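Enquirer: So that we are looking at the same thing, I have put the structure below in structure tokens.
Read the figures in this text as sums done on the coordinates, not as results from a lab. Computed from a predicted model, the values in this text were never measured in an experiment. Glycine also receives a Cβ, built like all others from the backbone with ideal geometry; neighbour counts cover every protein chain displayed.
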Amino acid sequence: MVTLQEWLEEIDARARTRLGTGRVADYIPALAEQKADRFGIAVCTNEGDIYTAGEAQEPFSIQSIAKVFLLTLALRVQGDALWERVGLNPSGMPFNSLAQLEAERGKPRNPFINAGAIAVADRLVSAYATPSKHLRDVARTLSGNASIRIDARVRESEWRHRARNAAMAYLMKAFGNIDNDVDQVLDAYFSCCALAMSCVDLARALNYLAADGHARAIGAPFIAPDLARKINSLLFTCGMYDAAGDFAYRVGLPAKSGVGGGIVAIVPGRLSVCAWSPALDDSGNSVAAQYALELIAETLGHTQAPGGGLAARPRQHAP
């Protein structure tokens, strides 16, 4: 019988056939320096076992994956009152669209597009003296890696090229949906997106979404089971930018991507997985990482809706 480690190594080999397709994000100059030929993958089971292949230990800029941490922390602070500021529906538009935001009077469609995450960051600025450091410390605790840091070069690069995000923030403030100073909110947002984490770090840190909110690193619930189910449902419908529907059809797992090339996917009741490769498709999602997750979903044999319970059962043999 093929072991889980052997299965993951085969997925690594097959995913590398997609290297050379897509291109590295270049609108943030610090990200443009990434090597397109890198690939890593890590699986964290709900029992705490870690399996890796490729460059799974190599830190990268998590970018929009940080929006999962931002949302979780904001819901812990505000509960359902957060949804007065941010919607719950797919956008069907690019993640940095201004047109939709203005048409809907400054209320972003969901917390996983840029405007939504900026509105969520505003709530954390109201709640914490240093929200980005708080989020960094949470990521350190949940991953068990005390060396996780905010990449200052990436943060500065994003700050220098902030015009579009600043436009969204000021538009939301004009509609009364941002309470704090815009520069302070953007600084918190960019700092969180500039966290440098590896596939192993992210698979461990976000495993609470696969384990009904329980975090093994702290030996206690991090969020309530129903909240984990709700966040997974949002990831399923909104987590992959405007390609969320296509990814849901092909892979069928809750997931969140970032333009640093990482994608975290959740198999509720079983495991969390992070795949990373910097070359992106036109929607801003990693080409090789998507393919790896598609292979994983095929093997697991997805069996029920992603919001709760045991979502997948492994077959007897790897592909």
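Enquirer: Counting only C-alpha contacts under 8 Å and six or more residues apart, can you give the relative contact order of the chain as a whole percent?
Expert: 25 percent
Enquirer: What net charge is computed for the residues neighbouring L227, neighbours being all others with C-beta under 13 Å from the C-beta of L227, Lys and Arg scored +1, Asp and Glu -1?
Expert: Working: positive: R76, R229, K230; negative: D80, D212, D226.
My count for the surroundings of L227 gives 0.
Enquirer: Restricting attention to segment 152-211, which chymotrypsin sites (Phe, Trp or Tyr not before Pro) occupy a DSSP loop and are surrounded by at most 14 other Cβ atoms within 10 Å?
Expert: F175
Enquirer: Just rank V120, V24, fewest to most, by other beta-carbon atoms within 10 angstrom.
Expert: Placing the least packed residue first, the sequence is V24, V120.
Enquirer: Same structure again: Give me the net charge of A194's neighbourhood, meaning all other residues with Cβ under 12 Å from the Cβ of A194; Lys, Arg count +1, Asp, Glu -1.
Expert: Spelling it out: positives minus negatives among the neighbours equals 0.
Enquirer: Further question on the same structure: Within 10 Å of each candidate Cβ there may be at most 12 other Cβ atoms; applying that plus a DSSP loop requirement, which trypsin sites (Lys or Arg not before Pro) in segment 3-79 survive?
Expert: Answer in residue order: K35.
Enquirer: What does the helix-only formula give at 222 nm for the chain: each DSSP H stretch with n ≥ 4 adding -39500 (n - 2.57), the total divided by the residues, and the result rounded to the nearest 500 deg cm²/dmol?
Expert: -12500 deg cm²/dmol
Enquirer: By the 4.7 Å beta carbon criterion, which cysteine residues of the chain come out unpaired?
Expert: C44, C192, C193, C238
Enquirer: Run the numbers for A81 and L98: contour at 0.36 nm per residue of separation, minus the present Cα-Cα distance, in nm. Intermediate results must be reported in sequence, preceding the final value.
Expert: On the way: separation 17, 0.36 × 17 = 6.12 nm, distance 2.40 nm.
Value of the extension gain: 3.7 nm.
Enquirer: Pick from N165, N180, N110: which residue has the top mean-square fluctuation in a GNM of the chain where Cα pairs under 10 Å get a spring?
Expert: With Cα springs under 10 Å in the chain, the top fluctuation among N165, N180, N110 is at N180.
Enquirer: Moving on. Relative contact order for segment 65-195: what is it in percent, counting Cα pairs under 8 Å that are at least 6 residues apart?
Expert: This gives 31 percent for segment 65-195.
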